[in-house]
Every structure is written in C-alpha cells, then in structure tokens.
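Q: Supplied in structure tokens, the structure appears directly below.
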Amino acid sequence: MGKDPLPDEEIAAHLAELPGWEHEGNTITRAFDIRYHGGVALIVNVADTERIVGHHADIDLRWDHVRFRITTHDAGHRLTDADFDLAARIDRIAAAHQAQAHNS
C-alpha cells in the first residue's frame, strides 16, 4: 500500500468513500459506540489486521466507545493510501462487532 503523502484533493475523495471518518490535522479519526468488553474484542480483531497489513492506528478505549486515529508515522505523520485502507478495514470489523457510529 502506498506510503506517499496524499494531496488534499485525494484525502477529500477518500473521505467521501468512508462515511463517519473525519479529517483532523494530519490524521483521520472515527469513534464507535460499543460497550467496554465488546470494545476490547473489537480492538483485538483490529490489532490482528494491523499486524497483517503492517499499519497501526492509535486506539482509545472508553467504557462506552472506541476511537481510532490513523496517520502514517513513517511518512512524516501525513495521510497516505495506507491510512484509508486501514480505515475501511476497521469499518468492516466494527460492523461485524455491531458497533454503532459514535454520538458525541
């Protein structure tokens, strides 16, 4: 997966394909409502995928939701195709765990 920093137009195009993900600085982020133990299981499944693809999100687990923050560290903390690929994978895993879009 490409690890070259993306221009703003490509970031916007990728975000249009990933509803729920938000562009914050040099990251994309999304939270899912899921109770604590379900969140732990979700994180374990995401971590297994991250190990396989060689790309990792920063993960924040709370009692009622999980937040993922993604950037490519070895591209100078810039967004790359790898970030959006991981986001799509996280969406599929979250759906399998019946996690819901987080209501702030």
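We did not get these values from a lab; they are worked out from the coordinates using the rules stated. On a predicted model such as this, the values are computed, not experimentally measured, just so you know. When we count neighbours, we look across all protein chains shown, and the Cβ atoms used for this are built from the backbone with ideal geometry, even at glycine.
Q: Compute the distribution of all C-alpha to C-alpha distances in the chain, in bins of 5 Å from 0, and list the percent of pairs in each, rounded to whole numbers.
A: With a bin width of 5 Å, the distribution comes to 2, 13, 26, 25, 18, 10, 4, 0.
Q: Which net charge results for the neighbourhood of residue 71, defined as the other residues with beta-carbon distances under 12 angstrom from its beta-carbon, given Lys and Arg at +1 and Asp and Glu at -1? Can you show the working numbers first?
A: Values: positive: 3, 69, 78; negative: 24, 58, 74, 83.
Its environment carries a net charge of -1.
Q: For the pair residue 16/residue 73, report the inter-label distance in nm, with labels modelled 7 Å from Cα in the Cβ direction.
A: 3.3
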